[in-house]
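Taken together, the values in this text are just the output of simple stated rules run on the coordinates, not laboratory data. Everything numeric here is computed off the predicted structure, so don't read it as measured data. Positions of Cβ are generated from backbone atoms using ideal geometry, with glycine treated the same way; all protein chains shown enter the neighbour counts.
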Amino acid sequence: MIKNYLKIALRVLLKQRLYTSLNIGGLAIGLTTSLLVLLWVKDEMSFNKFHPNYDRIVKVMLNIATESQTTQTYELTAPPVAEAMKREIPGVVNATCSWQNKAVFTYGEKTNEETGLMADRTFLKIFNFPVLNGNAETALSKPNVILITQKFAEKYFGQADPVGKVIRIGNAEHCYIEGVLENVPSNSSLQFDFIRSMPDSMSTASWVEVKAHVFALLEPGVNMKKLRDQMKPITKRHMPEFVTGWSYFPYSLNDWHLRSHFENGIYTGGGRISYVRLFVVVAIFVLIISAINFTNLSIARATGRSKEVGIRKAIGAKKSALVAQFLGESFILTFLAGLISIGLIYAILPFFNDFLDKKITINWLDPSYSVSLLGVLLLTSLLAGFYPSFVLSAFKPVLVLKGAGLGNSAGPAWQRKALIIVQFTITSILMVGTGVVYQQIEFIKNRNPGYDQRDLVRIEARELSQVNRYRQARTTLSEVPGVEAFSSASATFQGTFGRNYVEWMNGQQRERNMFAVISGDHNLTSTLKMKIHSGREFSPLLASDSAGVIINQEAARRMNLADPVGKQIQVNGMEMTITGVVENFHIASVHQMIEPTVILFRPFQTRFFFARINKNDRAATLEQLKDKYESLLPGAIFSYQFVDQEYERMYQSEIQVGTLANWFSAVAIIISCLGLFGLASFSAERRTKEIGIRKVSGASVAEIFVLMNKDFVRLVLLSLLLAAYPAWYMMNLWLEKFAYHTRINEWIFVLCGLGTISIAIITVSYQSMKAALADPVKSLRHE
């Protein structure tokens, strides 16, 4: 019997090639999209899980309460916290500290800039980064030693064994290679190409100097709330002067990648987990749309099978047997769509990985992949085939054989229309969401950061910022033809900067708060084209400016200073005079509020050069800057970034989300249109005689066209109304994650509505015109 059912199913599918192709195509597109999203979700959820003790590893985070009753959260802490954790906190097995390190390496004729870590000897006892060659137990226990990854080793040493060799760092420092590490997995929050040993003196460094990442390995079963309470007294014991403002807390390795948005010292639910949840919902929605599309197309082609069902029931076929047959046909279609989607996934995955900067692979030996795929196919098959199977199997043979089988009941007609409404409601939500994401990305790109990013190049200063080299470097580089302005600073103006305590008098009361602090030279504000609000910029002719500061408007507001120029403040205990106030500017992401910022005149404490170059001859200017730089610092690599390009990279996640949203909208529109095409086909089939009678009675082609389209336009309009509030609400929640964001404009809903209606009319027009142009004689003979 199963063999007979299979033959019938294949015969029907081959006979109705158009509907079969539409069904398989719609399901394949939906499955491909959903499976790709689920692969991305699996990769996001797998971050850091390769560490055997990932559920027991925490990062130590720092909360600093300010005078304004707000709390700022920092990932960096003081290096001595690691030793204090081991000694003083019950349940802590081990602790380590590290920080990022970028350096230029030279071996033989090869010179490159690499990014890695400086870490103490306990780092590899907490994290699982296997040592392939060397002794993991003694690694990093000596000064001036380094562990390198396989990728690093192959770049400099080829296939030769690098262990025991000496490699030069910068111009003078040398490191002994004591081991080779396995390449760091792409799903690791810690990314590096080398690990250098950290000086033991770091454990006794200042408790106020927050510059290290501190990690701890806990005993099994440690209560995180209790641990947080136990960590609070650390500041009281070691930093009594900051006891009211500073507190450390544990941040689980499980949360590092996904949950990273803190407000007022508390995790508020943001971070990449919001995108994971969003895309899981989207994947489910796309599957639902695909299933609805399948249902409508199945019912649309059921008119041709009503007599088959009637005859089979008349000769004794049971309803359960018919349901089993139609579900079997659904599974065959789903299985074929699944095979096509697997092929599409393999074809698309390389581009998908490149776009998202991922290394997602499919391992069929992992049961989770095969079981998940079969589960999705089975679920889709049931969703897509359940309703049509029961509709087809419920035909009454007497009515069917009299020609009154399908579509004469108002109930099933409204059910089919409801499915179309659901499809286009979801599609409209995705379209509105895409418009809002685009609008916010454009808002970010066009938002004035408070300085001019165009044609501004940031250059790594390295040793050239030292006192004995700075003046020569500044003079030599600023005189390169094409360099219109030149300056230096300790901040990147894109997230890398320092903070320190600032004190001032508010009436008779002295107040203290943590501000962003930037060291710069006298040309910093003019080179970055910051606008002076009051006062003046630094002058090289005034020695007193070494005790002067420039603040931004937000700092003046926080200090409650109506006329701040000339006022005295303390920065890290040093008496300073405010010489000028600049308009507010961003030194970090637009996700964060503008920081109150103090600029010090400290040319020799900078880390970066900033050059504003002539846009008409960028390449020649950069080449000359490179030549001059390398002449000043032989063996060094000229490392530079265009600030505006770096600014865009800060919002890569949002740009990726926007592109994926466009993709989801396009997929939803395609699949929904297939479903609408199926319903239009069904409607034209059911109303064949009606259209024939209308044409014989004198109805024009235009009237028939409007008659066939108006019902579908009503359905789409209703979908738009149902989608409006959910789309507005969800996108407002998304926008709230930005400290500065656009508002949702009404034109997005108007464009979405016009676009959706236009697409619907175009989709239905084929069947409408076909019905309107049909010969009425043939229509009246229709059985």
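For GLU263, enumerate residues with amide H under 5 Å from its amide H, sequence gap 5+ or separate chain, H modeled in the peptide plane.
Sorted by chain and number, the residues that satisfy this are THR268.
In nm, give the distance between the simple-model label positions of GLN592 and SER252, each being 7 Å from the Cα along the Cα-to-Cβ direction.
2.6 nm
List the residues whose amide H sits under 5 Å from the amide H of GLY580, counting only those 5 or more places along or on another chain, with H placed 1.01 Å from N in the peptide plane.
Amide H neighbours of GLY580, under 5 Å, 5+ apart: ARG536, VAL549, ILE551.
Stretch GLN191-SER372 to full length: gain in nm at 0.36 nm per residue minus the Cα-Cα span? Please report the intermediate quantities before stating the final value.
Working: separation 181, 0.36 × 181 = 65.16 nm, distance 2.98 nm.
Length gained between GLN191 and SER372: 62.2 nm.
Could you state the number of Å between the C-alpha centres of segment 62-110 and segment 439-483?
Segment 439-483 and segment 62-110 have Cα centres separated by 29 Å.
Å³ per residue of the Cα convex hull, for segment 569-714? Before the final figure, lay out each step's value.
Details: hull volume 41.4 nm³, N = 146.
Once divided by residue count, the hull of segment 569-714 is 284 Å³.
For TRP364, put the label point 7 Å out on the Cα→Cβ axis and report which residues of segment 321-355 keep their amide N under 17 Å from it.
It comes to 335-349, nothing else.
In what sequence do ARG558, ARG743 fall when counting other Cβ within 10 Å, fewest first? Please report the intermediate quantities before stating the final value.
Details: ARG558 20, ARG743 11.
Least crowded to most crowded, the residues run ARG743, ARG558.
To the nearest µm²/s, what D does Stokes-Einstein give for segment 62-118 at 37 °C and 0.692 mPa s, using the Kirkwood radius over alpha carbon pairs as Rh? If you can, show how the numbers build up before the last one.
Working: Rh = 14.9 Å.
For these conditions, the coefficient is 221 µm²/s.
What are the extents of the Cα atoms of segment 423-531 along their three principal axes, listed from largest to smallest and rounded to whole Å?
69, 53, 25
Skipping prolines and chain starts, which residues have an amide H placed within reach, meaning under 5 Å, of the one on ALA485, given they are 5 or more residues away or on another chain?
ARG612
Report relative contact order for segment 525-663 in percent, whole number only (criteria: Cα-Cα under 8 Å, sequence separation at least 6). Spell out each step's value before the answer.
Details: 141 pairs, mean separation 32.6, N = 139.
Reported relative contact order: 23 percent.
Just the Cα atoms of segment 56-256, one point each, no solvent: what log10 I(q)/I(0) does Debye give at q = 0.10, 0.13 Å⁻¹?
So the normalised log intensities work out to -0.46, -0.74.
For HIS174 and HIS238, calculate 0.36 nm times their separation in residues minus their Cα-Cα distance, and state this gained length in nm to one decimal. Write out the running numbers ahead of the final one.
Values: separation 64, 0.36 × 64 = 23.04 nm, distance 3.54 nm.
Gain on extension, HIS174 to HIS238, equals 19.5 nm.
Order these by the 10 Å Cβ neighbour count, fewest first: THR492, THR268, THR33. Write out the running numbers ahead of the final one.
Details: THR492 17, THR268 12, THR33 29.
Fewest-to-most ranking of THR492, THR268, THR33: THR268, THR492, THR33.
Between segment 633-671 and segment 564-578, what is the C-alpha centre distance in whole Å?
Rounded to whole Å, the Cα centres lie 40 Å apart.
If you rank LEU227, LEU140, LEU751 by fewest surrounding Cβ atoms within 10 Å, what's the result?
Working: LEU227 19, LEU140 23, LEU751 14.
The fewest-first ordering by Cβ neighbours comes to LEU751, LEU227, LEU140.
Rounded to whole Hz and in sequence order, give me ³J(HN,Hα) for segment 284-291 from the Karplus expression 6.51 cos²θ - 1.76 cosθ + 1.60, θ = phi - 60°, writing x for Gly and Pro.
5, 4, 5, 4, 5, 4, 5, 5
Taking N as the number of residues in segment 456-613, what is its alpha-carbon radius of gyration divided by 2.2 N^0.38 Å?
Working: Rg = 15.4 Å, N = 158, 2.2 N^0.38 = 15.1 Å.
Rounded to two decimals, the normalised Rg is 1.02.
Just how many % of Cα pairs in segment 92-169 lie over 17 Å apart, if you round to the nearest whole percent? Present the calculation step by step, with values, prior to reporting the outcome.
Details: 1467 of 3003 pairs.
Pairs farther apart than 17 Å: 49 percent.
Compute the length gained on full extension between GLN645 and ARG510: take 0.36 nm times their separation in residues and subtract their Cα-Cα distance, giving the result in nm to one decimal.
Values: separation 135, 0.36 × 135 = 48.60 nm, distance 4.20 nm.
Computed gain between GLN645 and ARG510 is 44.4 nm.
Give me the distance between the Cα centres of segment 274-294 and segment 28-53, rounded to whole Å.
So the separation of the two Cα centres works out to 14 Å.
Using θ = phi - 60° and the Karplus form 6.51 cos²θ - 1.76 cosθ + 1.60, what ³J(HN,Hα) does each residue of segment 186-192 get, whole Hz, x for Gly and Pro?
So the Karplus estimates, Gly and Pro as x, are 5, 9, 10, 5, 8, 10, 7 Hz.
How far apart, in nanometres, would the label points at LEU336 and SER320 be if each is projected 7 angstrom from Cα along the Cα-to-Cβ direction?
Spacing of the two 7 Å Cα→Cβ label points: 2.9 nm.
Can you find, among MET505, PHE515, SER539, the residue farthest towards the positive end of the dipole of segment 456-613? Put +1 on the C-beta of Lys and Arg, -1 on that of Asp and Glu.
PHE515
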